[in-house]
Amino acid sequence: MHIYESFLDFKSAVGLDAKSLSDMILQTLQSYGLDVKTCLVGYDGASVMSGAQKGVQQRVPEAAPLAVYTHCYAHKLNLVLVECCKSVSDAVDFFVLLEKLYVFVSGAIPHKVWLDVQKELYRDEPPRQLQRLSDTRWACRVTACRNVRDRFDALIMTLARRDSGRR
């Protein structure tokens, strides 16, 4: 085994605040016998990490002066995709409609109808939920689009039943 292979580690975070995460990062490095003052530490741009005043970005360099903060590249790409879509009016209209469908179908009565219709049409499959859209998680948009595409007939029936007052 190469020496660097032993440094890959996944830990469950007990506390998700900056102090707890900073302490965990530093303690994990020290548990491998690393001198945090001389080793390079990198971490991503989650808000608890990036806080310049109270985040991990501010705390870790106090103990590890060579620490490098870099904003997560997957998150950066996600933000670029969201902004690009905002410049395409058809995409804006589509995602506004998708969000309105989510809000409507999440209501108590429409949600029950949505689940009942799916049980009628897709007896062998579990019902799917429409997804709330998020600018920070592009994957939820993919799931939202996929669920509407795959359950389009159920969505139309749900809207028709709700509009007509039938159940």
Here the residues within region 59-88 that are assigned to a helix (DSSP H, G or I) and farther than 22 Å from CYS140 by Cβ are ARG59, VAL60, PRO61, GLU62, ALA63
Of ALA154, ALA160, the only residue that is at pLDDT 90 or above, of a type in the set (Gly, Ala, Ser) and over 28 Å from the mean Cα position of the chain (by Cα) is ALA160
Picked from region 115-158 (must be without any contact (Cβ under 8 Å) to a residue 24 or more places away in the chain and under 16 Å from VAL103 (Cα atoms)), the residue surrounded by the most Cβ atoms within 10 Å (Cβ to Cβ) is ASN147
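Any residue that is among the charged types (D, E, K, R) and not in a helix (DSSP H, G or I) - is there at least one of those in region 140-163?
yes
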Here the residues within region 82-102 that are at pLDDT below 90 and surrounded by 15 or more Cβ atoms within 10 Å (Cβ to Cβ) are VAL82, CYS85
Being among the charged types (D, E, K, R) and touching a helix residue (DSSP H, G or I) at 6+ places or on another chain (Cβ under 6 Å) narrows ARG161, ARG151, ARG141, ARG123 down to just ARG161
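The values are calculated or read from the model by the stated rules, or taken from the named source; none is laboratory data. If you're wondering where the values come from, they're calculated on a predicted model, not measured in any experiment. As a convention, Cβ positions derive from the backbone with ideal geometry for all residues, glycine included, and neighbour counts pool all protein chains shown.
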